[in-house]
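Below is one structure, written out as structure tokens; the observations come after it.
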Amino acid sequence: AQKVTQAQTEISVVEKEDVTLDCVYETRDTTYYLFWYKQPPSGELVFLIRRNSFDEQNEISGRYSWNFQKSTSSFNFTITASQVVDSAVYFCALSEATGGGADGLTFGKGTHLIIQP
Amino acid sequence: AAGVIQSPRHLIKEKRETATLKCYPIPRHDTVYWYQQGPGQDPQFLISFYEKMQSDKGSIPDRFSAQQFSDYHSELNMSSLELGDSALYFCASSFRLAGVTDTQYFGPGTRLTVL
């Protein structure tokens, strides 16, 4: 069975600090997809990034970067120079490719990130 | 860009009543997913549909049913509501190409309160 673990329940940092959110996953499939979503206080789920299991390239998007390591089954997310607007709950999610493309996501418990001014 | 539309945004029901939630996917998306998020919890996958056929099933209670219509919109029907059904219900949509899992884009959610 698939599982996603976000060990950090809550992280609080001061604005402009860098912060890394950890995500460890478990799956028996060789083909799978990993995602990060942001849920701000307003409640919507905002897509941030998608990675397939064959693409271990790290990615950078502005202040956001992601480190995917299959060897440790981790998909960590780093925010550089954090801002108050980054305050939200961040979810890591996994989808196995067993349903032919319509598989549900398995989410981690989420990390509540608080950026203090 | 057009997003996933969910209606109603808020719904208040009594115990044992029924509720119907609606979801309109992003134009040209053919796959719809339903999730339930309890207070302080992560979203839990309920069910998905591709081309009007049920595709994947998660932890959907037997009291709940769903379907996808010819225009690709979907409805989640919930009967014999219980207090524990109070949650935020998300619909997501994606475009399925050659069996490849595409990104799921989420709607704003329907907040259901059962009294």
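The values are calculated or read from the model by the stated rules, or taken from the named source; none is laboratory data. What you see is a predicted model; the values in this text were computed from it and never measured. Positions of Cβ are backbone-derived with ideal geometry, glycine not excepted, and every protein chain shown enters the neighbour counts. Side chains are part of the model used for accessible areas, which takes the heavy atoms of the whole protein and leaves out ligands, DNA and RNA. Shrake-Rupley method; radii C 1.70, N 1.55, O 1.52, S 1.80 Å.
Just to be sure, is A:Asp18 closer than 29 Å to B:Thr110 by Cα, more than 14 Å from chain B (Cβ to nearest Cβ) and of a type in the set (Asp, Glu)?
So A:Asp18 fails the test.
Go through (1) open to solvent by 60 Å² or more (accessible area, probe 1.4 Å); (2) in contact with a strand residue (DSSP E or B) (Cβ under 9 Å, 6 or more places away or on another chain); (3) within 14 Å of chain B (Cβ to nearest Cβ) one by one and return the number of the condition A:Phe54 breaks.
(2)
Would you mind listing the strands (runs of 3 or more DSSP E) fully within segment A:8-117 where at least 1 residues are over 10 Å from the mean Cα position of the chain (by Cα) and farther than 25 Å from B:Gly3 by Cβ?
Per the criteria, A:10-14, A:19-21, A:24-26, A:32-39, A:59-61, A:64-69, A:88-96, A:111-116.
Given the structure, is A:Tyr37 of a type outside the set (D, E, K, R), within 20 Å of B:Val32 (Cβ to Cβ), in contact with a helix residue (DSSP H, G or I) (Cβ under 9 Å, 6 or more places away or on another chain) and within 14 Å of chain B (Cβ to nearest Cβ)?
Spelling it out, it is not the case that A:Tyr37 is of a type outside the set (D, E, K, R), within 20 Å of B:Val32 (Cβ to Cβ), in contact with a helix residue (DSSP H, G or I) (Cβ under 9 Å, 6 or more places away or on another chain) and within 14 Å of chain B (Cβ to nearest Cβ).
Among the residues of segment A:52-74, are any among the aliphatic types (A, V, I, L, M) and under 24 Å from B:Ser94 (Cβ atoms)?
No, every residue in segment A:52-74 fails to be among the aliphatic types (A, V, I, L, M) and under 24 Å from B:Ser94 (Cβ atoms).
Consider segment A:62-117. How many of its residues are open to solvent by 10 Å² or more (accessible area, probe 1.4 Å), within 11 Å of another protein chain (Cβ to nearest Cβ) and either aliphatic (A, V, I, L, M) or touching a helix residue (DSSP H, G or I) at 6+ places or on another chain (Cβ under 6 Å) (or both)?
Residues that pass the stated criteria total 2.
Name the single residue that is nearest to the other protein chains (Cβ to nearest Cβ) among those in segment B:74-115 being without any contact (Cβ under 8 Å) to a residue 24 or more places away in the chain and assigned to a strand (DSSP E or B).
Here the residue is B:Val100.
Among the listed residues A:Thr31, A:Thr9, A:Thr20, which satisfies the condition of being in contact (Cβ under 8 Å) with a residue 12 or more places away in the chain and in contact with a helix residue (DSSP H, G or I) (Cβ under 6 Å, 6 or more places away or on another chain)?
A:Thr31
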